[in-house]
Amino acid sequence: MFDLIDQFLLAQAAREAGAQFSDEDVKSRLDDLAAEVDLITWMADWGYTQEDLEESLRLQMLVAYQRDIIASSIPETVEQVELKQVFAFTEAGATRALRNLNSGVSFDDVAFEFSPDTGGYLGWVPRGYLLIPEVEEAVFNQEVGTYTDIIESEIGYHILLVIDRDERELSSDARLALERQALHTWIENRREESTIEILVE
């Protein structure tokens, strides 16, 4: 969810991009809402007037317009790496795993020992998808067919094997994550560029 300042920044950018929603557009959206909920009761419960509701809807439509512009900036295909991971909660466990790998035990065998359900398979991931920056930096700099050293993070210890690297279409989950990240980055940048005054009566 966006706070009110974020909504105004998004709506402002939408207007700058030429977005306009007429009274008829807003009324059409109102009619759609009225088919789903009892608007009279809803407005009474929340203290909205008809004018308030129309203005709120217009703002939401502008926000959605700009959000879609930002989301459309994510390309269909991007560089991705296919990963398998050995994850240990303790440094001792990770050290033992790395020692086994270095002595010739297969990555699959070690990974299944630590993650019996998935064997540590993470699938294909693009830049910006992994939640741990140090892990992402390591795997995108790792050669295909090789594994990283132990990477410590807030949640534990990681050793990752880069199975493959290719330009691939984004999965729906990865696309959603990158769209959210792009939106977050856009809002942060817009806030830095804007002069925001909060008037208190």
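FYI, it's all coordinate maths here, none of it is from the lab. Nothing here was measured: the structure is a model prediction, and the numbers come from that model. Using ideal geometry, Cβ is built from the backbone for each residue, glycine included, and neighbour counts are taken over all protein chains shown.
A few points about this structure:
- Cα shape, region 128-178, gyration tensor, a/c 1.5 rule: oblate
- Per-residue ³J(HN,Hα) for region 157-163, Karplus 6.51 cos²θ - 1.76 cosθ + 1.60, θ = phi - 60°, Hz, x for Gly and Pro: 10, 10, 10, 10, 9, 8, 6
- Packing here is the average count of other Cβ atoms within 10 Å per residue, and on that basis the peptides 178-184, 188-194, 27-33, highest first, run 178-184, 27-33, 188-194.
- Taking amide H as placed 1.01 Å from N in the peptide plane, the amide H of Leu122 sits under 5 Å from that of Leu83, Lys84, Gln85, each at least 5 places away or on another chain.
- Assigned charges on the beta-carbon of Lys, Arg, Asp, Glu; region 4-73 dipole about Cα centre (debye): 320 debye
- In a reduced charge model with +1 at each Lys and Arg Cβ and -1 at each Asp and Glu Cβ, region 77-173 shows a dipole moment near 240 debye about its Cα centre.
- With one equal scatterer per alpha carbon and no solvent term, the Debye-computed log10 I(q)/I(0) for region 74-122 at 0.17, 0.21, 0.27 1/Å reads -0.54, -0.70, -0.99.
- Across region 172-184, computed HN-Hα scalar couplings (Karplus, 6.51 cos²θ - 1.76 cosθ + 1.60, θ = phi - 60°) run 4, 5, 5, 4, 4, 5, 5, 5, 4, 5, 4, 5, 4 Hz from first to last residue, x flagging Gly and Pro.
- Options Leu160, Ser103, Ala88, ranked by Cα towards positive dipole end of region 66-184, top entry (Cβ charges): Ala88
- The eigenvalues of the Cα gyration tensor, multiplied by 5 and square-rooted, give region 77-173 an equivalent ellipsoid with semi-axes of 22, 14, 12 Å from largest to smallest.
- Spatial separation of Cα centroids for region 24-49 and region 100-144, in angstrom: 50 Å
- Each residue, Ser106 and Ile155, gets one label point 7 Å from its Cα in the Cβ direction; the gap between the two is 2.7 nm.
- For region 4-73, the pair-distance distribution built from all alpha carbon pairs, in bins 10 Å wide starting at 0, is 20, 46, 29, 6 percent.
- With contacts taken as Cα pairs under 8 Å and at least 6 residues apart, the chain reaches a relative contact order of 25 percent.
- Projecting label points 7 angstrom from Cα along Cα→Cβ for Asp166 and Ser72 puts them 2.9 nm apart.
- Size of charge dipole - the chain - debye, nearest 20, with Cβ of Lys, Arg +1 and Asp, Glu -1, no other charges: 640 debye
- Approximate spin-label separation Asp117-Asp173, in nm, with each point projected 7 Å along Cα-to-Cβ: 1.2 nm
- Charge dipole of region 4-73 about the Cα centre (unit charges at C-beta), most positive-ward option of Leu59, Ala71, Trp42: Ala71
- Average Cα contact separation per residue, region 89-201, under 8 Å, 6 or more apart, as relative contact order %: 23 percent
- Scalar couplings 3J(HN,Hα) for region 142-153, obtained by applying the Karplus form with A = 6.51, B = -1.76, C = 1.60 to θ = phi - 60°, are 8, 6, 4, x, 10, 10, 7, 6, 5, 10, 8, 10 Hz; x denotes Gly and Pro.
- Extension gain, Glu91 to His184: 0.36 nm times the residue separation minus the Cα-Cα distance gives 30.1 nm.
- Scaled to the globular estimate 2.2 N^0.38 Å, the Cα spread of the chain, given as radius of gyration, is 1.47.
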